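Q: Can you keep this structure in mind? I'll have questions shortly.
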Amino acid sequence: MKYAAKRLSFPSAILAGLALLAAGSAAAQGSTAGGAEKQASRQPDCAAAWNPAMPYMAGSVVSRGGVNYAAAFWTQGNAPEQGQAWRSGKRCRPAIQAKAADHDTNFPPNTLKFLKANTGLDGEQWDNIMKLVNKPEQDSLEWTKFYGYCEDIKDKRGYTIGIFGATTGGSNDEGPDGPTLFKEFDASSGASNPSIAGGLARAGVHGSMQGKILKISDSAKVFCDKIGGLQNNPAWRDAMWNTFYKVYIQYSVQQARQRGFSSALTIGSFVDTALNQGAAGDSGTLQGLLSRSGNSSDEKTFMTAFYAQRSKIVDTNHYNQPPNGKNRVKQWSTLLNQGETDLKNADAAVQKVTDWEMK
């Protein structure tokens with residue numbers, strides 16, 4: 001549906017970032033006794049990954065290549081390891097992922113029940129799927145921070161919104177999912193006769209349908225501020241998942257099941273393809289790729305062929321900026337080869353396959 005531009009992450013607090021670097025410095029001054037594991041345990045957690053498209057104020061902290069850096073002054077587009085815009089800190093360790101028992105807390109309770117009933121996958125499996133989806137979309141595994149995400153990424157698809165990148169539509173997206181999202185928001189908020197206009201009103205924004213495209217009449221700042229304000233709104237979160245299911249998940253599950261497949265990895269791979277390249281339509285969509293992946297009833301054989309087909313086209317301007325596309329596919333194919341098909345007790349494996357740098 002959309003190609004993934006490297007999107008803006010939510011900035012860290014400056015003081016917290018400076019404290020993070022200080023912690024790294026203090027740890028480095030301690031005793032060097034002990035093995036590598038002990039040394040790693042004294043390293044600070046890595047800050048959010050550096051984003052070349054994001055402006056950083058003095059004191060902002062980012063990570064790149066396993067090292068934390070603090071901005072010496074306002075900067076944008078300057079790689080931390082180059083030039084004088086950044087002060088190098090100490091090596092850092094990837095942020096510790098939630099324990100399996102905590103995966104469910106990332107979902108609205110009703111959503112969790114709905115997903116289990118309709119996809120056969122539980123909260124842990126969907127949490128890991130969302131981490132794999134969010135890495136190439138937002139360069140972060142913390143997907144729950146993006147319910148209120150809103151940006152015009154200049155791809156002629158209008159505004160991109162939320163955890164799966166719903167769009168309001170444009171010349172490159174004449175069948176957007178944003179209108180469905182606002183109608184679902186109206187429904188989740190209790191409307192007896194839900195409508196797009198009702199959802200817009202509940203969000204406090206202004207716009208109208210022009211054909212199938214939702215034209216927003218507010219300024220970009222006003223519109224995105226309003227969407228950002230919905231980040232923790234329960235009805236908005238329910239609407240986000242209801243739309244995600246109707247537009248992408250349901251079709252993906254159907255395609256997996258009709259081939260006799262039910263693993264979390266296969267369903268997640270299909271969902272990632274559908275939201276990135278479209279569910280049905282031309283040769284680059286999920287439907288098109290499936291038609292060229294053979295008809296093996298062995299899941300690993302079929303998915304190996306599917307990943308090979310997707311890798312041929314995914315690094316294009318229409319889908320992803322190179323080499324992000326191939327890295328996006330490699331996340332899933334590596335887990336397949338490791339036997340992590342159920343995405344259970346897979347936190348460490350997911351962390352490892354997503355440890356690549358966005359371009």
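Q: Computing the accessible area with a 1.4 Å probe over protein heavy atoms, can you report the carbon and sulfur percentage for the chain?
A: 52
Q: Treating only the Cβ atoms of Lys and Arg (+1) and Asp and Glu (-1) as charged, compute the dipole magnitude of the chain about its Cα centre; round to the nearest 20 debye.
A: For the chain, the charge dipole is close to 460 debye.
Q: Sort the chain into rounded, prolate or oblate with this rule: let a ≥ b ≥ c be the square roots of the eigenvalues of the Cα gyration tensor; rounded if a/c is under 1.5, and if a/c is not under 1.5, prolate when a/b is larger than b/c, oblate otherwise.
A: Oblate shape, in that a/c is at least 1.5 and b/c is the bigger or equal ratio.
Q: Moving to a separate point now. Give me the accessible area per residue for region 230-319, probe 1.4 Å, as a whole number in Å².
A: The answer is 38 Å² per residue.
Q: Let me ask another. Could you tell me which of the pairs Lys221/Lys330; Lys226/Lys352; Lys145/Lys359; Lys215/Lys326; Lys156/Lys344; Lys183/Lys300 are separated by over 31 angstrom between their Cα atoms in the structure shown?
A: Lys221/Lys330; Lys226/Lys352; Lys215/Lys326; Lys156/Lys344; Lys183/Lys300
Q: Tell me the net charge near Pro179. Cut-off is 15 Å between Cβ atoms, Pro179 excluded, with +1 for each Lys or Arg and -1 for each Asp or Glu.
A: +1
Q: Under the rule that an exposed site lies in a DSSP loop and has at most 13 other Cβ atoms within 10 Å, name the longest stretch of the chain with no chymotrypsin sites (Phe, Trp or Tyr not before Pro) of that kind, not counting the sites themselves.
A: 75-359
Q: Per residue, how many Å² of accessible area does region 77-219 show with a 1.4 Å probe?
A: So region 77-219 comes to 44 Å² accessible per residue, rounded to a whole number.
Q: With just the Cα atoms defining each centre, how far is region 200-220 from region 289-359? Give it in Å.
A: Value for the Cα centre distance between the two parts: 36 Å.
Q: Also, quick follow-up: Pick out which of Met303, Met57, Met130 has the largest mean-square fluctuation in a Gaussian network model of the chain, springs linking Cα atoms closer than 10 Å.
A: Maximum fluctuation in the GNM of the chain, among the listed residues, is at Met57.
Q: Angle, helix 324-337 long axis vs. longest principal axis of the chain, Cα atoms, 0 to 90°, nearest 10?
A: Helix 324-337 sits roughly 90 degrees off the main axis of the chain.
The values are calculated or read from the model by the stated rules, or taken from the named source; none is laboratory data. If you're wondering where the values come from, they're calculated on a predicted model, not measured in any experiment. Because the Cβ atoms are built from the backbone with ideal geometry, glycine has one as well, and the counts that use them run over all protein chains shown. All accessible areas refer to the heavy atoms of the entire protein, side chains included, with ligands and DNA or RNA removed. Shrake-Rupley method; radii C 1.70, N 1.55, O 1.52, S 1.80 Å.
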